[in-house]
Amino acid sequence: MTFVNRSRRFVLAGGLLLLTAALAAPVLAATIAVGIDGKTFVPADIVITEGDTVTWTVTKSISEPHTVTSGTAGDAAVGATFDSKLENGAKLQENGAAYSFTFTAVGTYPYFCQIHPEMKGTVSVHAAGEAPGEAEAGIPMQNRLIGAGILIVTLVVLFGAAIAWRRMNPA
């Protein structure tokens, strides 16, 4: 097999690896944990990526049920996006009880407990592939991926050339 054919294989493999990583990144969603500690959400305000799942879990029971309901107390659209509801009277009451919701749309979602309206929080959802605070960083995520790809291809070509040089010019 000639050097050119080997080099093409290395470059092709590197390019396919980069393409796979770029395509898989949005699919690899995370699960974010929020505790219900007494009458507070811990942490109350979180920042996630589109497609991530948030799981609220009772970590310190107060023998009273809780809900995780989108909106704010008194809004007409309370619970329109997500609502754990009071199934069987006490779904989120005992330690370890949990409710999960997957956020599929970008936006800011306030939430609260319908039984304890003083319990409030916010979920800020960013687009997949966009890092929170990316505007401050100055380099868009897709440009970072392109730069990483160029670096990988350059390293493959340079190491391939070094190997070929050694084979053509034995010491």
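Observations on the structure shown:
- Only one entry of Val54, Val47, Val78, Val58 meets the criterion of being of a type in the set (Val, Ile, Thr) and not in a strand (DSSP E or B), and that entry is Val78.
- Residue list for segment 81-125, restricted to those being free of Cβ contacts under 8 Å to residues at least 60 places away in the same chain, touching a Ser or Thr at 6+ places or on another chain (Cβ under 7 Å) and of a type in the set (Val, Ile, Thr): Thr81, Thr108, Ile115
- From the options Ala13, Ala25, Ala30, residue that is surrounded by 13 or more Cβ atoms within 10 Å (Cβ to Cβ) and at pLDDT below 85: Ala25
The values are calculated or read from the model by the stated rules, or taken from the named source; none is laboratory data. It should be emphasised that the depicted structure is a prediction, and the values quoted were computed from it without experimental measurement. Counting neighbours? That spans all protein chains shown, and the Cβs are built from the backbone with ideal geometry, glycine included.
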